[in-house]
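Asks: Here you go, one structure.
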Amino acid sequence: MNKHTLVSWIGATDLKAIEEPGDVSPGPLASTLSERVFDSVELLYNYPKKRVAPYIKWLQARCKAPVTAAHVPLTSPTNFGEIYEQVNTRLNELTANKVELSILLSPGTPAMQAVWVLLGKTRYPCAFIQSSKEQGVQDVDIPFQLAAEYVPVAKQLDAKRINKLADTNAPLNAAFDDIVTHNPKMLKLKQQAQILAEREVPVLIYGESGTGKELFSRAIHNASKRAKKPFIPLNCGAIPAELVDSVLFGHKKGAFTGATADKPGVFEQADGGTLFLDEFGELEPQVQVRLLRVLQDGTFTPIGGTNEQKVNVRLVTATHRNLMEKVAEGSFREDLFYRIAVGVLHLPPIREREGDLTLLAKQLLANLAEEDESLKDKKISPDALNIILAHAWRGNVRELQSTLLRAALWCQGDEITAADLRQALFQMPENGSGREGVLSHDVSQGIDLDELIGDLTRHYVPLAFDAAKGVKKEAARLLGLENHQTLDNRMTKYGITKP
């Protein structure tokens, strides 16, 4: 029986388990090894050996399997070419011994994770695992295949260029012209946001992840009188609870273990300008109290300090949560809600922005081409556009951009085909998964039954054609239809062209 080996990078979150013992998380590596049994553990790291050695000793004490760690010299932890060479060499050595591989994706940079997926889906059969504090240890199903001929291209990728292409943050000089839309609701939102930009009122932006909340907030800042002052963005959901006060209000040297120097918080950094607090609904009630004070009188005291500091900050907040519900539940302060919710914008998901999907897809591809000349001649085929129009895009603009980037990089010609796009798509399960997701709609709010049936049809028909290798009669059989004429009728009704 082959030995079962876990392979992983050592990440910053792992090292924090012993460097910041107050953190309740042992890190993704230790969490995985506490729940899964392996015959051996092979680790890679790019940190100084002196920093990693105590962690390896600590991890070995918590793990029954032997742990081996190898230092990997990289000029940058985002250099795709170097990461590819190092990981390929190590996996080649391991598979020569006929081990059963599991790869932990969570630790490391996005470039490291991308290379794991690339090699694990082409050259080295393996299982993928991810681990997080919120969702625990999970097996990962990556629902696409890569052709081996794409692999050599990765060795030639420029890390900075790929990172820039994959960067979905709003441009630093974002203006309302950067918000591309023909949708009447979005045009009205742009108009409202421009009016708010001229006022000094706080703004609350509602919207799902990837709908453009930061893009709107930067545009508001750049169209305001504060445009030449700092714009400081902060994701509140990414701050460990014990560091929230320090991140927001700063700290003085010696205020706590590790505070080796004075450090300004985001309110001080944004003085005179705009502070954008994303995922604002994630802040704990005790933090909300302290925020209310600084919003009321513009003063705060850094951790370990004795003197109050005064700032002049325009606050823009964003959330995907219903804060009115949180107020009703008692988990969000009503007085703070009315303080931040003066100007309110509700950004719709792109699936509700009728007429914008094709426009957005073409604009995003054009933006990618501006960053990389090798993509300048890429076009989206009509069949690929049909798939874009049929997809739910739960990740919104961010998901659409990432999908187009993958499709453009893998496309071997100048036209992104339906096959290229399907290969680049991640098919996420519905909330509650499968049948429960389809049946989870609130009928008291009204539903479009025919549209639900259409969504299912548009999802499964291309998959059936793939499985049937393009033979319509076989695709109809796989879908449980009586004949291919019935399939034709369904495709015509729901606007599906043959893939």
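Asks: Taking the stated definitions as given, is Phe176 aromatic (Phe, Trp, Tyr) and modelled with pLDDT of 70 or more?
Replies: Judged against the criteria, Phe176 is a match.
Asks: Would you mind telling me which numbered condition in (1) in a loop (DSSP other than H, G, I, E, B); (2) among the charged types (D, E, K, R); (3) under 21 Å from the mean Cα position of the chain (by Cα) Arg351 fails?
Replies: Exception for Arg351: condition (1).
Asks: I need a count of the residues in region 356-378 that are modelled with pLDDT of 85 or more and in a loop (DSSP other than H, G, I, E, B).
Replies: Qualifying residue count for the region: 2.
Asks: Sticking with this one: Just checking, how many residues over region 354-398 are more than 23 Å from the chain's Cα centre (by Cα) and of a type in the set (Ser, Thr, Tyr)?
Replies: Here the count works out to 2.
Asks: Based on what the data block shows, is Ala341 in contact with a Phe, Trp or Tyr (Cβ under 7 Å, 6 or more places away or on another chain), in the same structural domain as Pro233 (by TED's automatic domain parsing) and in contact (Cβ under 8 Å) with a residue 12 or more places away in the chain?
Replies: No; evaluated as a whole, the condition is false for this residue.
Asks: Checking the structure you have, find out if any residue of region 238-260 is surrounded by fewer than 16 Cβ atoms within 10 Å (Cβ to Cβ), acidic (Asp, Glu) and more than 21 Å from Asn312 (Cα to Cα).
Replies: yes
Asks: Let me ask you something else. If I ask for residues that are of a type in the set (Lys, Arg) and in contact with a Leu (Cβ under 8 Å, 6 or more places away or on another chain), which ones from region 464-499 would you list?
Replies: Lys472, Arg490, listed by residue number.
Asks: Regarding region 310-330, can at least one residue be identified that is among the small types (Gly, Ala, Ser), within 26 Å of Gln401 (Cβ to Cβ) and buried (at least 21 other Cβ atoms within 10 Å of the Cβ)?
Replies: The answer is yes, given that some residue of region 310-330 is among the small types (Gly, Ala, Ser), within 26 Å of Gln401 (Cβ to Cβ) and buried (at least 21 other Cβ atoms within 10 Å of the Cβ).
Asks: Moving to a separate point now. Quick one: which of Leu487, Leu421 is at pLDDT 70 or above, closer than 20 Å to Leu385 by Cβ, of a type in the set (A, V, I, L, M) and part of a helix (DSSP H, G or I)?
Replies: After applying the criteria, what remains is Leu421.
Asks: Shifting gears a bit: Condition first: surrounded by fewer than 19 Cβ atoms within 10 Å (Cβ to Cβ), within 20 Å of Thr299 (Cα to Cα) and either touching an Asp or Glu at 6+ places or on another chain (Cβ under 9 Å) or of a type in the set (Phe, Trp, Tyr) (or both). Can you find one or more residues in region 216-233 that meet it?
Replies: Yes, that holds for at least one residue.
Asks: Moving to a separate point now. So if I check each of Ala70, Ala12, Ala96, which one is loosely packed, with under 14 Cβ neighbours inside 10 Å, modelled with pLDDT of 90 or more and not basic (Lys, Arg)?
Replies: Going through Ala70, Ala12, Ala96 in turn, the sole match is Ala70.
Asks: Quick one: Leu277 ticks every box in (1) surrounded by 14 or more Cβ atoms within 10 Å (Cβ to Cβ); (2) at pLDDT 90 or above; (3) out of contact with any Cys (no Cβ under 7 Å at 6 or more places or on another chain) except a single one, so which number is it?
Replies: That leaves (3) as the condition not met.
Asks: Hey, among Ala318, Ala255, Ala341, Ala328, which residue is among the aliphatic types (A, V, I, L, M) and in contact with a Gly (Cβ under 6 Å, 6 or more places away or on another chain)?
Replies: Sole residue among the options that is among the aliphatic types (A, V, I, L, M) and in contact with a Gly (Cβ under 6 Å, 6 or more places away or on another chain): Ala255.
Asks: Name every residue in region 446-470 that is more than 19 Å from Ile387 (Cα to Cα), not in a helix (DSSP H, G or I) and not acidic (Asp, Glu), in order of residue number.
Replies: Correct list: Gly446, Ile447.
Asks: Within region 281-303, take every residue that is free of Cβ contacts under 8 Å to residues at least 40 places away in the same chain and charged (D, E, K, R) and give me the one that is surrounded by the most Cβ atoms within 10 Å (Cβ to Cβ).
Replies: So the residue we want is Arg293.
Condition check ((1) at pLDDT below 95; (2) closer than 22 Å to Arg394 by Cβ) across all residues:
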{"position": "Val180", "(1), (2)": "yes, yes"}
{"position": "Gln194", "(1), (2)": "yes, no"}
{"position": "Ala197", "(1), (2)": "yes, no"}
{"position": "Leu204", "(1), (2)": "no, no"}
{"position": "Ser246", "(1), (2)": "yes, no"}
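The values are calculated or read from the model by the stated rules, or taken from the named source; none is laboratory data. This is a predicted model, so every value here is computed, not measured. Cβ atoms come from the backbone with ideal geometry, glycine included; neighbour counts cover every protein chain shown.
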